[in-house]
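Working notes, beginning with the structure itself.
No value in this document is a laboratory result; all are computed from the given coordinates. Fair warning: this is a prediction, and the values are worked out from it, not measured in the lab. FYI the Cβ positions are ideal-geometry reconstructions off the backbone, even for glycines, and counts take in every protein chain you see.
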């Protein structure tokens, strides 16, 4: 099943518009190219609106949001909605500051979001309307474990039902939920949290998958999450000697470049809860 | 011949001021260092004007232009003109949005540009005053092929004569034209389009070549185009196993770091049309 | 001695807020993760103030300052001061433009800075109130050599006494001074100046060291300087064949990822002057 969704990305080469933070933007562009998509960045409000019109999907990431890029997010979001393009929100640091929390909540309210991808603390912040995120990493007390999967899965389904967006919660175990189903994914490697941008890259890639698979958004998100997780495992396995997080970043993108549908099917480790 | 232009860059270490997009800016800085130049970035209007005064050349790239950086481009452009510094314009995405097209056209009008480097769709947009660029990549119907070289070469010469700037059109075959001569370059590798920033890096590097070779701007552009193309070929040849686009990016910059004048002469594949 | 300071960083995982240039920001984030810290970037004035409140330290880098980020630096600086968080200033290009010089001087005046890290030209500019920095590199005539160490060390101590900040001057020989002591460090490799961001990365890393070692700021700075220098030496030793500056950048961060306290003690090459 997953194979088809990956191949659709390679075949259709979806053009993804990213309004994203300047920390990991280069990695987002390169991973989009690696997975078969095509990136474009435009964050001036006027430009963003028009550029979204020629793209297939929109990736909104509030990692380094500011007074100029926030209006661009709303403008591009509205255009995407009226064109029927998928929109993904990555609420980086929601809960860590009121500007971030407020902006993410307003985006949820005013833009129809196909999917939201964040760590558990960020997603809880959006569901509760406030939070206490520690920087850009999840609060340890929130972590999704085997024991907490049932309750977190129920929370994700309920939140998805309430707002009508697919909820992607990433961590040691990832959950991908719509209002009726939840997948749990056990791919990935802890080394992914030793580089900046694993989450941002996944968000960009997920947007490409959503764009190339418009009729199967839940499965598109699942496939992207499995794909980057497998690539993280493979990238870690390639590390030797003094290779560290900088090399890991390169290997991760390289693996996305090489991942094919058959390996994906074979190595994907997920279950329907 | 080309050897001398390369060596002038290594010898003079030109300080190049870049007002460029935040997607590929780190790669632009590192490739400038690799080729022997020295990068500086400044995009606040006041700062850009003054910084240009202490630099040797100016690279204007509209990849993520906004209302703050546009005035900086004009301010730095005017300073560069009054100091006699070369100015290169990279009209990223001209034709894809009206802000990009308009800004590029106004820069052409108000700043004396030594060279413009873009893909064929971007350059056609500037020549015609409007266009239909698909994102940041060239429209396939526009592609320069062996069959279309004569007409594209004639177009480039004519456009160069009209505006007084060297026209550099990059793609599978690259064309470098002034009003009387056109070079066609067949170096490079398709892998260069699987990374973000090949074009941006070439623009930054070309500005260094123009700065270090003020009396031979056409040949400076030709040399930079051949150099990055050769490095792309060499970088691709080094790829093995699961190495993909992230590693290719590193190898490309590494090769620029190591390229010497003799190899450049030997491997450059160009012809005067 | 140094070992303990390194291990404190790995143990406490200090959350460092960076308002830094967009050229090298990704490298700063990855080197912070490599050394054991955790990065967050926020440069909208409102956001920066609040984000600083949840962080442990602040790294201010004026590399691509603009009218929006300058107020963010002051806002975050004041919050850091009132929270008792260490603040480091990296005055990139001070002396090269009046906006940079003026902003750095105002930051010195209005924000209590724990440390300032720059090249000799930038630091002299701050001490004298004006300067003639050539771009972002030190003026050759200013270079710290064995002959000039005594006078530069005296200058650094005096400047430190005057403003109450630790002064870190980096170059072929590095000096780390407070009002009573000066360390000279001879680690590092010239290849570090062939990549963009060596200085920015050190500033980010030094902020992590200051944050994790609040009672020993001078030794924290010394340790960070030795650590990155050793990693530069090791990264250079790993280069082979056509590996150049792009690979060197990755190796440098990789080495920071692997450096342990014992190797640091063994390879640190410093003296108290």
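Here are the numbers:
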| item | result |
| --- | --- |
| Ranking of C:259, B:89 by count of other Cβ atoms within 10 Å, fewest first | C:259, B:89 |
| Spatial separation of Cα centroids for the range A:108-128 and the range A:228-273, in angstrom | 26 |
| Per-copy distances of the residue C:1 label point, shortest first, in nm (7 angstrom along Cα→Cβ) | 6.3, 6.3 |
| Cα gyration tensor category, rounded, prolate or oblate, for the range C:139-223 with a/c compared to 1.5 | oblate |
| Neighbouring partner chain Cβ atoms per residue of C:166-179, average, 10 Å criterion | 0 |
| Range of Cα positions in the range C:150-273 per principal axis (Å), largest first | 48, 29, 24 |
| Semi-axis lengths (Å, descending) of the ellipsoid that matches the C-alpha gyration tensor of the range A:1-160 | 26, 20, 14 |
| Shortest-first nm distances, residue A:260 label point to equivalent points in other copies (7 Å, Cα→Cβ) | 4.1, 4.1 |
| Other-copy label distances relative to residue C:186, 7 angstrom Cα-Cβ extension, nm | 5.6, 5.6 |
| Chain lengthening between residue B:4 and residue B:161 when straightened (0.36 nm per residue, less Cα-Cα) | 53.9 nm |
| Mean separation of Cα contacts under 8 Å (6+ apart) over length of chain C, as relative contact order % | 22 |
| Global geometry of the range B:156-205, whether rounded, prolate or oblate, following the gyration tensor of its Cα atoms and the 1.5 cut on a/c | prolate |
| FRET E, pair residue A:83, residue B:67, Förster distance 22 Å, beta-carbon r, rounded to 0.05 | 0.35 |
| Two-site FRET efficiency, residue C:98 against residue B:258, from Cβ-Cβ distance with R₀ of 41 Å, rounded to 0.05 | 0.60 |
| Cβ-Cβ FRET estimate between residue A:181 and residue A:269, R0 fixed at 22 Å, reported to 0.05 | 0.80 |
| Taking only Cα atoms of the protein assembly as shown, radius of gyration then Dmax in Å | 25.3, 74 |
| Convex hull (Cα only) mean projected area of the range B:2-272, reported in nm² to one decimal | 12.6 |
| Computed over the range A:1-121: relative contact order in percent, which uses C-alpha pairs under 8 Å that are six or more apart | 23 |
| Pair residue C:130, residue A:239: separation of 7 Å Cα→Cβ label points (nm) | 5.2 |
| Two-decimal log10 I(q)/I(0) for the range C:29-73, as the Debye equation yields it once each C-alpha is a single scatterer, q = 0.14, 0.24, 0.29 Å⁻¹ | -0.35, -0.90, -1.10 |
| The protein assembly as shown: calculated mean residue ellipticity at 222 nm from DSSP helix runs of at least 4, using -39500 (n - 2.57) | -16500 deg cm²/dmol |
| Convex hull per residue volume in Å³, alpha carbons only, for the range A:1-95 | 103 |
